[in-house]
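Notes to accompany the following structure.
Taken together, the values in this text are just the output of simple stated rules run on the coordinates, not laboratory data. Since the model is a prediction, treat every value here as computed from it, not as a measurement. Cβ sites come from the backbone with ideal geometry, for glycine too, and all protein chains shown count toward neighbours.
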Amino acid sequence: MKHYPTASRHLSDDRVADVRHVSVGGYRTEPHAHDEEYMFLLPRAGQLILNVESNAAPLRVAPKSFVVVPPHRLHDTHGYRPQQEHVAVYVARDFVAHCERKARRALSCARISVWSAPLPLLDAVRVAAGTGQAGGGGELAAYRAELAAQMAAAACVEAGLASAPLPPGSADAHRELVRDILAFLDATLDQPVGLDRIAYEFGLSRRTLTRIFRDTTGESVVDYQSRRRVEQARALLRAPNMTVVAAAAAVGLESPSYLARLFRKHGYAPPRRIKG
């Protein structure tokens with residue numbers, strides 16, 4: 001998993017908001033806090049897992065939902081999917097306070113919750129992210145990008161004031177979570193990764209992990225791992241210089257005989273026949 005660098009401050013000069021589109025898969029940040037800035041996170045592809053000091057358990061933030069982390073709140077994020085994408089909107093504390101005064105309400109950040117992202121917020125963030133990526137165009141284009149970022153920031157605050165927390169354990173959230181678990185399993189086929197390690201990585205109990213995985217995929221975690229190891233080993237064995245011993249090691253198995261048993265379990269002839 002790649003470590004993704006971050007900073008305590010993202011706003012320069014007199015800017016009140018910055019919208020950043022991040023396309024980094026399989027990443028993790030170190031625990032950190034932001035100075036005088038709120039951070040709104042909106043996943044686009046793959047769940048983000050957020051650990052924050054005010055919450056006892058990790059939060060899983062799926063696409064079409066969002067979360068806000070206030071200034072000086074220690075947190076870290078990570079995502080397992082190779083094609084991970086999210087948008088981070090950094091908003092100055094004074095601008096958030098200005099929006100709160102306009103709304104005559106205050107954001108509730110004592111305990112962080114995941115909120116449903118309304119369509120106006122998604123639209124504002126999409127426009128701001130696209131405008132920021134365009135680049136060029138001189139001072140007028142830069143001014144337009146700044147206004148788009150402010151619009152996205154105001155939409156973030158407005159959504160945070162109006163949205164209700166999402167109930168945990170929804171079917172959509174489980175499907176997104178299992179997609180990330182599948183990506184993690186595919187990336188660790190060369191390692192002896194057991195249920196305890198997987199459950200720990202995703203903040204689940206073994207019982208919850210096995211239940212939602214089977215409910216979503218129709219097979220157990222162990223069966224999925226063994227099937228994928230067989231598929232990968234079969235592909236490797238088609239290479240001219242690949243041996244059965246090397247193929248077994250490449251999929252996290254010390255014993256070629258165990259690889260042969262997995263081949264039989266999944267209805268394939270023994271590995272040596274591929275090399276025969």
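Just a few scattered comments:
- Global geometry of the range 188-233, whether rounded, prolate or oblate, following the gyration tensor of its Cα atoms and the 1.5 cut on a/c: oblate
- Each eigenvalue of the Cα gyration tensor of the range 136-276, multiplied by 5 and square-rooted, gives one semi-axis; in descending order these are 45, 23, 11 Å.
- Cys156, Cys109, Cys99 arranged by Cβ crowding within 10 Å, fewest neighbours leading: Cys109, Cys99, Cys156
- Proximity of backbone amide H atoms, modeled 1.01 Å from N, is registered between Ser65 and Ala117 at under 5 Å, excluding neighbours fewer than 5 places apart on the same chain.
- Computed from Cα positions, the angle between helix 206-217 and the longest principal axis of the chain comes to roughly 90 degrees.
- Radius 14 Å from Cβ of Val87, net charge of other residues (Lys, Arg +1; Asp, Glu -1): +1
- The chain: angle of helix 221-237 to the longest principal axis, Cα-based, in degrees nearest 10: 70
- Residue exposure sequence - Tyr80, Tyr200, Tyr4 - by fewest surrounding Cβ within 10 Å: Tyr200, Tyr4, Tyr80
- Global geometry of the range 35-80, whether rounded, prolate or oblate, following the gyration tensor of its Cα atoms and the 1.5 cut on a/c: oblate
- Over the chain: helical MRE at 222 nm, DSSP H runs n ≥ 4 each giving -39500 (n - 2.57), nearest 500: -14500 deg cm²/dmol
- The long axis of helix 256-265 is offset from the longest Cα principal axis of the chain by roughly 80 degrees.
- Diffusion constant of the chain at 25 °C, which comes from Stokes-Einstein with the Kirkwood Cα-pair radius and 0.890 mPa s, µm²/s: 117
- Here, the range 226-276 is characterised by an Rg to Rh ratio of 0.89, where Rg is the alpha-carbon radius of gyration and Rh the Kirkwood radius.
- Per-residue ³J(HN,Hα) for the range 99-116, Karplus 6.51 cos²θ - 1.76 cosθ + 1.60, θ = phi - 60°, Hz, x for Gly and Pro: 5, 4, 5, 4, 7, 6, 8, 10, 4, 9, 10, 4, 10, 6, 10, 9, 10, 6
- Normalised by the number of residues in the range 1-71, the mean separation of alpha-carbon contacts (under 8 Å, six or more apart) gives a relative contact order of 31 percent.
- Ranking of Arg207, Arg228 by count of other Cβ atoms within 10 Å, fewest first: Arg207, Arg228
- Inter-part distance where the range 243-258 and the range 41-69 are each reduced to a Cα centre, Å: 38
- Extension reserve of the Arg101-Glu30 stretch, reckoned as 0.36 nm per residue once the Cα distance is removed: 22.2 nm
- Taken over the range 5-144, the ratio of Cα radius of gyration to 2.2 N^0.38 Å equals 1.04.
- Derived scalar couplings ³J(HN,Hα) [the range 10-24; Karplus, 6.51 cos²θ - 1.76 cosθ + 1.60; whole Hz; x for Gly, Pro]: 10, 9, 10, 6, 9, 5, 9, 7, 9, 10, 10, 9, 10, 10, 10
- Overall form of the range 63-141 per C-alpha gyration tensor (a/c, 1.5; a/b vs b/c): oblate
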